[in-house]
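S.K.: Sharing a structure with you now.
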Amino acid sequence: MSTSAQYASTPKFGSATLSTADTSLTAPTTVGTIVTAGASGTRIDYIDIQGVATTVAGLINLFVFDGTNYILWNQVPVLAITSSTTAPAFVANLSSTNNSNIMPLTLPTGYSLRATTSVAQTGIRVNAYGGDF
């Protein structure tokens, strides 16, 4: 245990695009790795989920992976939206401002944040922003 506060010192960004459905909440096989923790752990402060085309209703399942086990961490509903030049694509955000019960997320060394989509999508990008300790 540290006797003084530790702060993330190196910026960290990770991203994955999801398109293939995987409905498992315990052992998914079609998984996007969003970010892998650094040598001293990683703090994730903000996650945005962005449709890159028309989306269909479903869920984005976010997992913490410890190297062996998938632990369901959060589920984000996806709305069916037909994006166009005048209609914005689907977007959802997780941050300590609007999700203080789960954010920020701190990943120990060897852990990663991973995601699946519950239904096939044209494409949904999951981005994570934070820093390594």
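S.K.: Out of (1) open to solvent by 60 Å² or more (accessible area, probe 1.4 Å); (2) touching a strand residue (DSSP E or B) at 6+ places or on another chain (Cβ under 8 Å), the odd one out for residue 60 is which?
M.R.: (1)
S.K.: Is region 29-42 home to any residue that is among the hydrophobic types (A, V, I, L, M, F, W, C), outside any strand (DSSP E or B) and farther than 19 Å from residue 111 by Cα?
M.R.: no
S.K.: Right, here's the next one. What are the pairs, 6+ residues apart or on separate chains, where a residue within region 33-45 that is touching a residue at least 12 places away in the same chain (Cβ under 8 Å) and under 20 Å from residue 100 (Cβ atoms) has its Cβ under 9 Å from a residue that is of a type in the set (Val, Ile, Thr) and open to solvent by 60 Å² or more (accessible area, probe 1.4 Å)?
M.R.: 42/36; 42/106; 42/109; 43/106; 44/106
S.K.: Pairs only if they're at least six apart or on different chains, beta carbon under 7 angstrom, first in region 72-88 and in contact (Cβ under 8 Å) with a residue 60 or more places away in the chain and on the phi < 0 side of the Ramachandran plot, second open to solvent by 60 Å² or more (accessible area, probe 1.4 Å) and part of a loop (DSSP other than H, G, I, E, B); list them, first residue then second.
M.R.: none
Yes/no matrix, rows are residues, columns are (1) buried (at least 19 other Cβ atoms within 10 Å of the Cβ); (2) over 15 Å from the mean Cα position of the chain (by Cα):
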| residue | (1), (2) |
| --- | --- |
| 26 | no, yes |
| 49 | yes, no |
| 55 | yes, yes |
| 68 | no, yes |
| 79 | no, yes |
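S.K.: Being within 20 Å of residue 122 (Cβ to Cβ), touching a residue at least 40 places away in the same chain (Cβ under 8 Å) and either touching a Cys at 6+ places or on another chain (Cβ under 7 Å) or among the charged types (D, E, K, R) (or both) is the requirement here; does residue 66 meet it? Break it down into steps so the answer makes sense when it comes.
M.R.: Details: within 20 Å of residue 122 (Cβ to Cβ): no; touching a residue at least 40 places away in the same chain (Cβ under 8 Å): yes; either touching a Cys at 6+ places or on another chain (Cβ under 7 Å) or among the charged types (D, E, K, R) (or both): yes.
In short, no.
The values are calculated or read from the model by the stated rules, or taken from the named source; none is laboratory data. Quick caveat: nothing in here was measured; it's all calculated off a predicted structure. All Cβ positions, even for glycine, are placed from backbone atoms using ideal geometry, and neighbour counts span all protein chains on display. We work out accessible area using only protein heavy atoms, side chains counted, and drop any ligands, DNA or RNA first. Shrake-Rupley method; radii C 1.70, N 1.55, O 1.52, S 1.80 Å.
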